[in-house]
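Below is one structure, written out as structure tokens; comments come after it.
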Amino acid sequence: MHYLFADIHRLMSGVPFTVLAKPKSALHFLMSRVEAGDELSHFLAEYPRLRCEPLDFHYVCQQSLSVLTNDLMADLLQYHAGHGIFWAAFLGALSGDSSYLAPVLAARATDPHYQWVVDLAVAILTSTNENASFPHRKPIIRLREQLQPLPLLEVRLRRAPSQAEHAAAAAHVRSAYQSRLNTQNP
């Protein structure tokens, strides 16, 4: 694990997974968010100084895209179950960065509930003719265009301790307990 679980959980806390879980409701949601982005573009241009509730999904996406790396992608796919797989695949598609194709492909068989978003990400990242079968493609690309002028944000993702750091902390705690026991039982 590269980042603390709680920090990644906080990063995903604003994602409306219930709405995005099914392709039909996700399409409706994405189209409405893109429409809101068009209508409220003057507010979007002022982000992060000014926020507007109908653009909350844009903000969540921009925060995640600001810290999207191979390490974050790996953590989402390995340690955050279905929601992590969904968000990793969605961010891969939204970023348009084909370097995220391999990890998304590797997650394809992991969670059948979100197979559709993994397939969508693969189609977008490979630019295959399969794109035509995904009506989600256009709103995702439009959302990407709306987010592109926004600045990258400083989002706090703390590095998870290494195994050596875990072992050192455990040894320190053991030592502290042992010395406490020794002073209580002379």
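The values are calculated or read from the model by the stated rules, or taken from the named source; none is laboratory data. From a predicted model like this one, the values you see are computed outputs, not experimental measurements. Cβ coordinates were reconstructed from backbone atoms using ideal geometry, including for glycine residues, and neighbour counts include every protein chain displayed.
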Q: Being over 23 Å from VAL19 (Cβ atoms), in a helix (DSSP H, G or I) and polar (S, T, N, Q) is the filter; apply it to the stretch 87-130 and report the residue that is modelled with the lowest pLDDT.
A: ASN129
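Tally up the residues in the stretch 41-76 that are without any contact (Cβ under 8 Å) to a residue 40 or more places away in the chain and out of contact with any Asp or Glu (no Cβ under 9 Å at 6 or more places or on another chain), please.
Of all residues in the stretch 41-76, those without any contact (Cβ under 8 Å) to a residue 40 or more places away in the chain come to 42-43, 46, 49-55, 68-70, 73.
So of that shortlist, the ones also out of contact with any Asp or Glu (no Cβ under 9 Å at 6 or more places or on another chain) come out as 42-43, 46, 49-51, 53, 55, 69-70, 73.
Selection size over the stretch 41-76: 11.
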Q. Somewhere in the stretch 43-50, is a residue assigned to a helix (DSSP H, G or I) and either surrounded by fewer than 17 Cβ atoms within 10 Å (Cβ to Cβ) or not charged (D, E, K, R) (or both)?
A. yes
Q) Quick one: ALA26 ticks every box in (1) surrounded by 19 or more Cβ atoms within 10 Å (Cβ to Cβ); (2) modelled with pLDDT under 95 bar one, so which box is it? A) (2)
Q: Report, by residue number, each residue of the stretch 168-186 that is of a type outside the set (A, V, I, L, M) and part of a helix (DSSP H, G or I).
A: HIS172, ARG174, SER175, TYR177, GLN178, SER179, ARG180, ASN182, THR183, GLN184
Q | Failed item in (1) surrounded by fewer than 18 Cβ atoms within 10 Å (Cβ to Cβ); (2) under 22 Å from VAL155 (Cα atoms); (3) of a type in the set (Val, Ile, Thr), with THR18 passing the rest | A | (2)
Q: Scan the stretch 63-77 residue by residue and report those that are outside any helix (DSSP H, G or I) and surrounded by fewer than 16 Cβ atoms within 10 Å (Cβ to Cβ).
A: THR69
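Can you name the residue in the stretch 81-97 that is under 10 Å from the mean Cα position of the chain (by Cα) and of a type outside the set (A, V, I, L, M, F, W, C) and, of all such residues, is surrounded by the fewest Cβ atoms within 10 Å (Cβ to Cβ)? Please lay out each step first, then the result.
Going residue by residue through the stretch 81-97, those that are under 10 Å from the mean Cα position of the chain (by Cα) are 83-92.
With the extra rule that they be of a type outside the set (A, V, I, L, M, F, W, C), the set shrinks to 83-84, 92.
Numbers: HIS83: 17, GLY84: 23, GLY92: 30.
This residue is HIS83.
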Q) Counting only residues that are outside any helix (DSSP H, G or I) and without any contact (Cβ under 8 Å) to a residue 12 or more places away in the chain, which one in the stretch 1-40 is nearest to PRO149 (Cα to Cα)? A) SER13
Q) Which of the following residues is touching a helix residue (DSSP H, G or I) at 6+ places or on another chain (Cβ under 7 Å) and not polar (S, T, N, Q): PRO112, PRO149, PRO135? A) PRO135
Q. If you take the residues of the stretch 152-167 that are in a loop (DSSP other than H, G, I, E, B) and over 16 Å from LEU68 (Cβ atoms), which of them is modelled with the highest pLDDT?
A. ARG158
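Taking the options PRO135, PRO149, name whichever one is over 20 Å from the mean Cα position of the chain (by Cα) and closer than 20 Å to GLY37 by Cβ. Let's see the steps before the verdict.
On the way: PRO149 fails: over 20 Å from the mean Cα position of the chain (by Cα).
From the options PRO135, PRO149, the qualifying one is PRO135.
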